[in-house]
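Presented below is the structure to which this report refers.
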Amino acid sequence: MFTDRGLERYQRQIALFGVEAQEQLARARVVIVGAGGLGCPVALYLAAAGIGEIRLVDGDIVDRTNLNRQVLHGDRDVGRAKVESAAGKLRAQNPEIRVVATCTTVDDENAALLVSGADLIVDAADNFAVRYTLNRVALQAGVPLVHGAVRGFDGQATTIIPGRTACLECIFPVAPPVEAVTPVVGTTPGIIGLIQANEAIKYITGTGDLLTGRLLVWDGHAATMTTLPVERQEDCSACGIGRC
Amino acid sequence: MQVRVRAFARLREAIGGDLMLEVPPGATMSMLLAAVGETSEQAEEALFEESGELRGYVILMHNGKRVRRAEAMTLTLADGDEVALFPPVAGG
């Protein structure tokens with residue numbers, strides 16, 4: 001399925017997990033919700049890895065205050081739709097993949113359509129309202145969801161397999177408060193975003209152990225990474241008994 | 001008796017790292033949380049609402065197991081136990 005150019009492009013990872021796994025990546029359709037601090041590194045590394053179809057969803061436009069961390073956007077992109085700015089960089093990075101840019105905010109009305117046919121959803125959103133919507137639609141569609149969130153030097157990530165692992169509402173039944181401005185250093189979403197991308201690659205290729213049933217917690221101040229066990233909750237309002 | 005408190009994210013900033021807290025024998029999770037809150041104004045704010053109620057989004061763990069907030073009043077701790085407190089982050 002790959003041209004000589006393609007084989008050359010992915011040579012170092014084909015050496016790692018074989019051409020069949022590379023073909024699985026090429027056949028995969030991944031929806032990334034958010035083209036900001038988390039979405040930029042997730043999308044860039046998944047594009048480089050050769051994910052066949054990347055669907056980017058974000059309704060925001062690039063603002064100058066985004067540029068300390070949203071590394072696909074540059075000074076000249078201020079005022080452009082984030083998904084358009086990001087999609088251009090991804091296509092330049094890897095012309096062999098398909099990038100679909102949708103400039104909209106995910107909500108209960110459009111979520112099912114936006115994720116239809118996807119193999120994996122990456123939660124790179126910046127608020128829990130959208131995250132809970134993604135969680136519910138992932139549960140309904142039976143599509144895995146890779147969660148990530150950041151603030152300051154702190155970050156968290158986990159991988160949710162519907163019906164098997166704790167879902168987002170099992171882990172976070174109450175949303176953390178919304179802040180007018182979330183302070184953050186760019187390296188934090190860089191680190192968490194790459195953990196999410198790594199989870200996506202492992203899930204699609206069937207490699208390694210996923211962050212299922214575990215919440216990874218990154219403390220950039222202390223430079224420590226910990227995983228906390230998380231379990232399904234019988235009374236979860238999203239996936240509890242009789243619901244999923 | 002001594003209980004180890006592992007704090008994460010904003011709570012860790014507030015209390016400056018992990019803590020070994022001395023609590024009376026038979027102390028409950030709620031009593032421990034109050035003791036953590038008493039370590040500083042920032043810790044109090046990170047854990048509790050102005051009403052004094054534990055913030056709903058803070059994840060409580062006892063020896064690696066999730067604790068529901070309803071259990072915090074009755075869960076008794078033992079010497080050498082470990083409690084983890086994690087206020088999740090929300091940005092992207």
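The values are calculated or read from the model by the stated rules, or taken from the named source; none is laboratory data. Note that this is a predicted model, so its numbers are computed, not measured. Every residue, glycine among them, receives a Cβ derived from its backbone with ideal geometry; neighbour counts consider all protein chains shown. Calculation scope for accessible area: heavy atoms of the full protein, side chains included, ligands and nucleic acids excluded. Shrake-Rupley method; radii C 1.70, N 1.55, O 1.52, S 1.80 Å.
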Notebook entry, point to check: Looking only at the stretch A:195-223, which residues are open to solvent by 50 Å² or more (accessible area, probe 1.4 Å) and either aromatic (Phe, Trp, Tyr) or at pLDDT 95 or above (or both)?
Noted result: A:198, A:203, A:206, A:207, A:208, A:209, A:214, A:223
Notebook entry, point to check: For the subset of the stretch A:20-45 comprising residues that are of a type in the set (Val, Ile, Thr) and closer than 14 Å to residue A:204 by Cβ, which member is surrounded by the fewest Cβ atoms within 10 Å (Cβ to Cβ)?
Noted result: A:30
Check: Can we say residue A:47 is touching a strand residue (DSSP E or B) at 6+ places or on another chain (Cβ under 7 Å), among the aliphatic types (A, V, I, L, M) and more than 23 Å from residue A:112 (Cα to Cα)?
Finding: yes
Next item on the list: Return the total of residues in the stretch B:63-85 being exposed (fewer than 12 other Cβ atoms within 10 Å of the Cβ) and closer than 20 Å to residue A:231 by Cα.
Entry: 4
Margin query: Criterion first (surrounded by fewer than 23 Cβ atoms within 10 Å (Cβ to Cβ) and within 20 Å of residue A:223 (Cα to Cα)) does residue A:163 satisfy it?
Written below: no
Checklist line | Failed item in (1) of a type in the set (A, V, I, L, M); (2) surrounded by 23 or more Cβ atoms within 10 Å (Cβ to Cβ); (3) under 22 Å from residue A:73 (Cα atoms), with residue A:168 passing the rest | finding: (3)
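Each row is one residue, and each column tells you yes or no for (1) assigned to a helix (DSSP H, G or I); (2) open to solvent by 70 Å² or more (accessible area, probe 1.4 Å).
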position	(1), (2)
B:11	yes, no
B:17	no, no
B:24	no, yes
B:30	yes, no
B:35	yes, no
B:39	no, no
B:46	yes, no
B:50	no, yes
B:57	no, no
Note to self: Here's a check for you: in the stretch A:171-204, which residue that is aliphatic (A, V, I, L, M) and assigned to a loop (DSSP other than H, G, I, E, B) is farthest from residue A:37 (Cα to Cα)?
What the structure shows: A:174
Next item on the list: Would you check if residue A:159 is touching an Asp or Glu at 6+ places or on another chain (Cβ under 8 Å), closer than 17 Å to residue A:68 by Cβ and at pLDDT 95 or above?
Entry: no
Note to self: under 15 Å from the mean Cα position of the chain (by Cα) and either without any contact (Cβ under 8 Å) to a residue 40 or more places away in the chain or closer than 20 Å to residue A:186 by Cα (or both): which single residue out of A:86, A:81, A:49 fits that description?
What the structure shows: A:86
